[in-house]
Amino acid sequence: MKRLPDWHNRLVVYLNQVARTAFNPGEMDCALFIAGAVEAMTGVDLAVEFRGRYTTVLGGLRVAKKAGFADIPALVEGRFAEVSPAFAQVGDIAILQADGEIAFGIIQGEKIYVRHPEGMALVPLRLAERVFKV
């Protein structure tokens, strides 16, 4: 999977759009947030088989397990190469802990964009436990 030539502009447009979108499992949650970012950067929709098929976070986990993934991070692990957080670049995927839960984010320099029920936020890159190249 390769980034499109105008990936950065497409990512900025996407982030601006989702900043105004309500958190809603199955439509806009942290996993679908990163899937949308990947689609903006590459043109590939990795969540087409999941979007709209669940309405709770637990339901999302059930759908992922039914598709053969052990957990939600496994969705990322099987598709992207992991790198040290020290080598993170804009647009890469971060996995971190937020309020005791696993969360996904999109790296933006020294910060990570994350989605949560209250909206979108920026958290420090140092909170990334794992990073995957897009």
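The values are calculated or read from the model by the stated rules, or taken from the named source; none is laboratory data. These figures come from a predicted structure and were not determined experimentally. Methodologically, a virtual Cβ is constructed for each residue, glycine included, from the backbone with ideal geometry; neighbour enumeration extends over all protein chains shown.
Restricted to region 37-56, and to residues there that are of a type in the set (Val, Ile, Thr) and surrounded by 17 or more Cβ atoms within 10 Å (Cβ to Cβ), the residue that is nearest to the chain's Cα centre (by Cα) is Val38. Only a single criterion out of (1) farther than 20 Å from Val134 by Cα; (2) out of contact with any Pro (no Cβ under 8 Å at 6 or more places or on another chain) is not satisfied by Tyr54, namely (2). Residues in region 58-87 that are among the hydrophobic types (A, V, I, L, M, F, W, C) and under 14 Å from the mean Cα position of the chain (by Cα): Ile72, Ala74, Leu75, Val76, Phe80. Looking across region 109-121, the residues that are touching a strand residue (DSSP E or B) at 6+ places or on another chain (Cβ under 8 Å) and touching a residue at least 60 places away in the same chain (Cβ under 8 Å) come down to Tyr113, Val114, Arg115, His116, Met120.
Among the residues of region 28-64, the ones that are in contact with a Ser or Thr (Cβ under 9 Å, 6 or more places away or on another chain) and modelled with pLDDT under 90 come to 0 in all.
What number of residues within region 122-134 are without any contact (Cβ under 8 Å) to a residue 60 or more places away in the chain and within 13 Å of the chain's Cα centre (by Cα)? Lay out the reasoning, then the answer.
First pass over region 122-134, keeping only residues without any contact (Cβ under 8 Å) to a residue 60 or more places away in the chain: 122-133.
Then drop every residue that is not within 13 Å of the chain's Cα centre (by Cα), which leaves 128, 130-133.
Within region 122-134, residues that are without any contact (Cβ under 8 Å) to a residue 60 or more places away in the chain and within 13 Å of the chain's Cα centre (by Cα) number 5.
Scanning region 96-134 for residues that are aliphatic (A, V, I, L, M), part of a strand (DSSP E or B) and modelled with pLDDT of 95 or more turns up Ile106, Ile107, Ile112, Val131.
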